[in-house]
Structure formats: structure tokens, C-alpha cells
Amino acid sequence: MRSFSIKSFGCRTNQAEAFQWAGRFQKHGLLLEENSYKSDIVIINSCTITQRADADVRNFIRKVSRRNPGARIIVTGCFAERDPLLFMNDPQVWKVFLNKEKDDLQRVVIEDFGKKKPVKYRPFRSRAPVKIQDGCDFRCTFCIIPQVRGESRSESQGRITGRVRDLVRKGYREIVLTGIHLCLYGRDLEPASSLPELLSELVTIKDLRYIRLSSLDPRFLDEELIDFIASHEKICPHFHFSLQHTSGRIIEKMGRKICSEKYKDVLEYTREKSPDASMGADIIVGFPGESGQDFDHLYAFLEKSPLTYLHVFSYSPRPGTAAAGLKGVDSKTEKKRSALLRELSREKNLEFRKRFENAVFDAVVIKEKNGKLHVLTPNYLKVVVPDSCRRRSSLARVRITKVKNQINEGMIV
């Protein structure tokens with residue numbers, strides 16, 4: 001019986017695709033193997049958002065080829081879409097599938113390696129990511145995603161609801177709605193729909209405890225949507241914003257068409273409506289033309305904001321994007337600015353987490369490691385507790401007993 005593994009790089013949308021493939025392959029008799037160095041088939045869902053992402057994919061292929069020389073390596077995803085010949089000419093790669101060929105990928109794997117009888121289902125992840133949308137209609141000057149994923153496309157509400165119901169029957173208590181641009185959900189459907197309309201249906205599903213949203217674009221977040229998210233106990237109080245920058249000059253160069261005052265209003269209104277929410281943001285440092293004054297504006301804005309963590313990225317020119325030919329900030333300055341923001345993120349996150357010492361949450365078990373359970377609260381606090389024989393994906397009621405620099409400790413109550 002053949003085994004498979006899937007390695008996803010980059011965004012939660014890739015993770016959601018991998019999650020769905022893992023379920024389908026097991027239905028067709030393939031064994032899920034978590035270790036790519038031991039599996040017969042290794043599927044790589046690649047990312048190309050930065051040069052570092054490209055390098056990570058290529059390094060992984062080399063490692064698998066060296067440590068598992070008999071594996072059939074399949075490459076798909078955004079790096080494969082951007083530069084398919086690179087992988088087609090790689091003797092270590094068995095097959096390459098573009099993003100639009102991902103259905104063919106599943107068919108080929110099942111036809112070549114699958115069996116008629118399913119194997120016992122093994123969860124691919126402890127929480128269930130569900131892709132509801134793909135692609136983007138905008139052209140930010142730094143971003144290659146519209147080129148490799150195309151225009152915005154939404155899954156029908158009926159298909160999403162059916163998939164979530166099936167996942168709940170399998171024992172998942174939290175789903176994570178993913179997409180390249182969640183706020184665009186439903187605009188392309190006939191009849192048109194929206195993210196609040198979809199959420200209104202999903203919150204009615206029995207035994208579904210939590211719905212978590214992946215990244216949200218503050219340019220398309222209005223008070224009505226924030227009110228809806230904040231008012232439903234099933235929707236996790238966890239907001240992650242694609243902020244990128246706050247200096248008006250850099251925002252304009254990025255093609256973002258928003259002002260920092262709008263960002264400020266969105267963040268403050270979100271905090272007002274959801275006082276205990278975890279609030280994070282993606283930030284790009286070193287965009288071409290970023291002056292010391294631009295960075296100072298960014299730092300001051302983030303320091304005063306209600307954000308509780310930051311995902312900091314160094315600007316990476318992507319071939320074919322409008323900003324690719326522009327000269328970026330020198331690497332020494334870029335590293336210094338990134339370090340300052342990452343330290344700010346650690347300080348803000350520790351301050352936020354300390355608010356919840358002795359607080360009690362219903363949390364989802366995400367993994368077991370070294371005799372400890374790792375659980376995740378609705379507002380995105382990771383807590384380590386003594387193992388109590390609970391399985392992954394189940395719920396556990398926990399009290400946070402100690403907040404440290406890098407970890408939260410707790411106990412089952």
C-alpha cells in the first residue's frame with residue numbers, strides 16, 4: 001500500500017488545499033505519512049511570495065531527494081505556476097502541476113497509486129482549514145499573487161456548508177476559513193453573496209464550536225462586518241489584517257489606495273467591539289523608497305495601535321510586478337528595521353497575554369508533545385498543559401496559570 005505526504009509552503013490557502021487532498025487520497029486507499037523522508041509520494045504545494053519562499057521550496061526538494069531517493073516528488077502551487085520549466089527540467093521532480101491543474105494532480109495520484117478500498121482516516125491537521133475563495137482582483141505593486149492565482153473566485157455557499165458539516169461529523173470542532181482575499185467572498189457568485197451571509201449560515205451548524213477567519217483586508221472591512229464577527233460567540237475573536245505599511249507615501253507606492261487614518265479607524269473600532277481579541281498584521285519593511293521618516297511613522301503607528309502581534313516581512317522583489325525594478329532599502333537598514341518591529345511585536349504580545357493570566361477558556365487541542373498538550377484558545381493564545389489523554393481536535397477547558405516570554409502555561413479545569 002502506497003503512502004503520501006504533503007508539504008505546504010506559504011499561506012493558509014495552500015494548507016486548506018493540502019488538507020482537502022489528504023482526505024481524498026485516504027478515501028482512495030493511500031496512507032498518510034507525516035514524514036516526507038519516509039513516504040512514497042511527496043507533494044509540494046509551493047509558495048513564491050518572497051525570494052526566501054522560493055529558496056525554501058528548492059531546499060526541501062533537495063533534502064527529500066537526498067534522504068528519500070525513491071520518492072515520487074510532485075510540485076504544484078504558486079512557484080510552479082510562476083516558473084514551471086524550472087521544475088520540469090529538474091530530474092528530482094516526477095511531475096509538475098500548475099495552479100489550475102490541481103484537480104488533475106489529485107486524479108493522477110489516485111489513478112496511479114490509489115486503491116478502491118479507503119484506509120482509516122487520519123487527521124491531516126488538528127483544525128480544519130476550508131478554502132472559500134481564491135485569487136485577487138487587485139494589483140498591489142509588490143505582489144505576484146494575482147499573476148499566479150488569477151482573479152477572485154468564490155466557492156458556492158452550498159458546497160462550503162456541506163464540506164463544513166462533513167468535517168464536523170469527522171470530529172473537527174474548529175474550522176479556519178481561508179482565501180487569498182476573504183473580504184471579496186461572494187461578489188462573483190450568481191446571485192451575489194458576501195462573507196457575513198456565509199457566516200450566518202455556518203454559525204447554525206450543530207456541534208461546530210469555532211469559526212476562525214484568516215487574513216482580512218482593512219480596505220474592505222466596514223463596521224457592519226466587524227460588528228457581525230464580534231457579536232457571534234462561534235466566530236473566534238482573532239483578527240489578522242493585511243496592513244503592509246502605514247506611511248501615506250509608501251502606501252501610495254504600493255498601490256494600496258487607503259490612508260493610515262482608515263487603518264487607525266478600523267483597528268480602534270475592532271478593539272472597541274472585541275476587547276479581548278487577538279489582533280495581528282502583516283507588515284512589509286524596506287519597500288523601495290522607504291525613508292527613515294516613513295519607518296518612524298510605521299513604528300509609531302504600530303506602537304500606539306491595539307495590535308497584539310506583527311508578522312514582519314522584508315521586501316522581496318518579485319519578477320513581473322510593478323515594483324520589481326525599483327531599488328529597495330539596503331540590507332543592513334532593512335535588517336535593523338525588521339529587528340525593531342519584531343521586538344515591538346514581542347513586547348506587545350507579552351503585554352496582551354499577561355491580561356489573561358488566570359483566565360479560563362474552552363480551547364482546541366492542536367498537538368501532543370513531550371507529554372504535554374498544546375491547546376489554542378479562541379483569541380489565539382497557545383497554552384501548554386499537562387497531558388490528560390485528550391485527542392487532537394477535541395475541546396479542553398483550560399486555565400492559564402503562567403505567562404512567560406515565549407509560552408503560556410496552564411492546566412485542565
What residue, among those in region 363-396 that are at pLDDT below 95 and among the basic types (Lys, Arg), is nearest to SER278 (Cα to Cα)? LYS367
Looking at VAL75, is it of a type outside the set (Ser, Thr, Tyr), open to solvent by less than 20 Å² (accessible area, probe 1.4 Å) and modelled with pLDDT of 95 or more? yes
Top-ranked residue in region 113-137 [being out of contact with any strand residue (DSSP E or B) (no Cβ under 8 Å at 6 or more places or on another chain) and either modelled with pLDDT of 95 or more or crowded, with 16+ Cβ neighbours inside 10 Å (or both); ranked as nearest to GLU174 (Cα to Cα)]: ARG125
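Go through region 13-61 residue by residue and tally those that are among the aliphatic types (A, V, I, L, M), in contact (Cβ under 8 Å) with a residue 40 or more places away in the chain and part of a helix (DSSP H, G or I).
The first filter runs over region 13-61 and keeps only residues among the aliphatic types (A, V, I, L, M), leaving 16, 18, 22, 30-32, 41-44, 49, 53, 55, 57, 61.
When the remaining residues are screened for being in contact (Cβ under 8 Å) with a residue 40 or more places away in the chain, the result is 16, 18, 22, 30-32, 41, 43, 49, 53, 57.
Within this subset, residues satisfying the condition of being part of a helix (DSSP H, G or I) are 16, 18, 22, 53, 57.
Total satisfying the criteria: 5.
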Given the options ALA55, ALA18, name the one that is among the small types (Gly, Ala, Ser), surrounded by fewer than 18 Cβ atoms within 10 Å (Cβ to Cβ), under 24 Å from SER242 (Cβ atoms) and modelled with pLDDT of 95 or more. ALA55
Counting only residues in region 308-336 that are aliphatic (A, V, I, L, M) and within 18 Å of THR48 (Cβ to Cβ), the one surrounded by the most Cβ atoms within 10 Å (Cβ to Cβ) is identified as ALA323
Check ILE211, ILE205, ILE160, ILE180 and return the single one that is in a loop (DSSP other than H, G, I, E, B), buried (at least 20 other Cβ atoms within 10 Å of the Cβ) and aliphatic (A, V, I, L, M). ILE180
Selected residue [more than 21 Å from the chain's Cα centre (by Cα) and not polar (S, T, N, Q)] from VAL130, VAL119, VAL168: VAL119
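The values are calculated or read from the model by the stated rules, or taken from the named source; none is laboratory data. Here the structure is a predicted model, which is why all the values come from computation and not from measurement. All Cβ positions, glycine included, derive from the backbone under ideal geometry; neighbour counts span all protein chains shown. The protein model used for the area step is the full one, side chains on, heavy atoms only, and it has no ligands, DNA or RNA in it. Shrake-Rupley method; radii C 1.70, N 1.55, O 1.52, S 1.80 Å.
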